[in-house]
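What follows is a short report on a single structure.
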Amino acid sequence: MMAPPLLVTPGEPAGIGPELAVLLACEQPDLVLVADPALLESTLKALASPARVVAWDSADNTAPRANTVRCWPVALRAPSRPGQLDAGNARYVLDTLDQAVDLIANGRARGLVTGPVHKAIINDAGITFSGHTEYLAAKSGIERVVMMLVAGRLRVALATTHLPLARVADAIARDSLLQTIGIIHHDLSTRFAIARPRIAVLGLNPHAGEGGHLGREEIEVIGPALRELQDLGMDLVGPLPADTAFLPSRLEHFDVVLAMYHDQGLPVLKYAGFGQAVNVTLGLPWVRTSVDHGTALDLAGTGTADPGSFRAAVALAREMTG
């Protein structure tokens, strides 16, 4: 009897997600794509692939056949063409996520790998959407999750995600930091099998506040939160100045770096591993990984998109789910 499969949502139908997803499904036929079957068929045809799309029966535990792409069908809401966004398909993108979460919640799949979505077109359709991380947390009834990107041994987690910079300082609070670090510690221990994770925590301000001369968040919020968790036995170092925390000689001593905001930590990680990095949502009751890139509308339909990050996301999901 086979284990429940990993699910893949290709993301924005006009982007590179569908072609990358079918390429991976042809390589690894145990994957199940949650998508419109006609979209997958047309994508295979454009790639001159001999594979065909077959409906997935979650009760069928036999090994998948070669040259097949298994699909849990979800219908497009509007016709789709490579490179041409249509707000009419915003609901389709969320339909695929909803169906995938339901399948996992019912024990019919063991994890989810998500392709890139186009946040703006979803919002243009009148649907409030700030990203996969926040959407999947709400869908799962989870109050707080943590975004972490992985590139080889380098892991960078975020205390805040898709916030305007002007709102970041107000979002750095004791309770949220305690919860965030607790989630990181728990998931590195359980999902990544790190017995005692060592976590580097960055400061918010230049030079980690320079003793209060460049900001007091390190003194009044971040530092006290770290000491509280250190007293519970967690291995934490910080708050550290962000401009020197990523030196290789320092990184080798840490299992993860916690950045206070999106563009404090992710530019370093993407420079180190763009195209091979993986986005992981920590704190969910199940495993979710994703690509580190966007929809690349200019490459859609050309057959030239690099599947490296998608392939790495599938590999990490396999590792995390055993």
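The values are calculated or read from the model by the stated rules, or taken from the named source; none is laboratory data. Since the structure is predicted, the reported quantities are computational estimates derived from the model, not experimental observations. With ideal geometry, Cβ positions are generated from the backbone for all residues, glycine too; neighbour counts draw on all protein chains shown. We work out accessible area using only protein heavy atoms, side chains counted, and drop any ligands, DNA or RNA first. Shrake-Rupley method; radii C 1.70, N 1.55, O 1.52, S 1.80 Å.
Structural remarks
- Extending 7 Å from the Cα toward the beta-carbon at both R108 and Q84 defines two label points whose distance is 3.3 nm.
- Divide the volume of the convex hull around the Cα atoms of the range 119-174 by the residue count and you get 131 Å³ per residue.
- Theoretical ellipticity at 222 nm over the chain - DSSP helices of four or more residues, -39500 (n - 2.57) apiece, nearest 500: -10500 deg cm²/dmol
- Only Lys, Arg (+1) and Asp, Glu (-1) charged, at Cβ; the chain dipole about Cα centre in debye: 580
- Between the listed residues L154, P64, L226, the Cα displaced farthest toward the positive end of the dipole of the chain, a dipole computed from Cβ unit charges relative to the Cα centre, is found at P64.
- Inter-probe distance in nm under a simple model that places probes 7 Å from Cα toward Cβ, at S49 and D124: 2.7
- Only beta bridges with both residues in the chain are counted; by DSSP, about 30 percent of them are antiparallel.
- In degrees, nearest ten, helix 37-46 long axis to first principal axis of the chain (Cα): 80
- Here the Karplus relation 6.51 cos²θ - 1.76 cosθ + 1.60, evaluated at θ = phi - 60°, turns the backbone of the range 316-322 into coupling constants of 5, 4, 4, 4, 6, 9, x Hz, with x for every Gly and Pro.
- For the chain, with all protein chains in place and a probe radius of 1.4 Å, 53% of the accessible heavy-atom surface sits on carbon or sulfur.
- Hull-based mean projected area of the range 1-148, where the convex hull spans the alpha carbons, in square nanometres: 8.8
- Packing around the peptides 82-88, 240-246, 12-18, taken as the average count of other Cβ atoms within 10 Å per residue, puts them in this order, highest first: 12-18, 240-246, 82-88.
- Segment R216-D60, length gained on full extension (0.36 nm per residue, minus Cα span): 50.3 nm
- Per residue accessible area of the chain, 1.4 Å probe, in Å²: 43
- In this simple spin-label model, placing a label point 7 Å from the Cα along the Cα-to-Cβ direction at both R153 and H253 gives a separation of 1.5 nm.
- What you get for the range 127-246, charging only the Cβ of Lys and Arg (+1) and of Asp and Glu (-1), is a dipole of about 460 debye around the Cα centre.
- Residues in the range 213-228 carry Karplus couplings, in order, of 6, 10, x, 10, 4, 5, 7, 9, 10, 5, x, x, 5, 5, 5, 4 Hz; the curve used is 6.51 cos²θ - 1.76 cosθ + 1.60 with θ = phi - 60°, and Gly or Pro positions show x.
- Hits among lysines - C-alpha to C-alpha of K139 under 27 Å, sequence gap 8 or more where chains match: K119
- Contact order for the chain, expressed relative to its length and based on alpha carbon pairs under 8 Å spaced 6+ residues apart, stands at 22 percent.
- Helix axis angle, 90-105 relative to the chain longest principal axis, alpha carbon, degrees: 80
- Share of alpha-carbon pairs per 10 Å distance bin for the range 178-286, given as whole %: 13, 44, 36, 7, 0
- Listed residues F129, F274 arranged by accessible area, highest first, probe 1.4 Å: F274, F129
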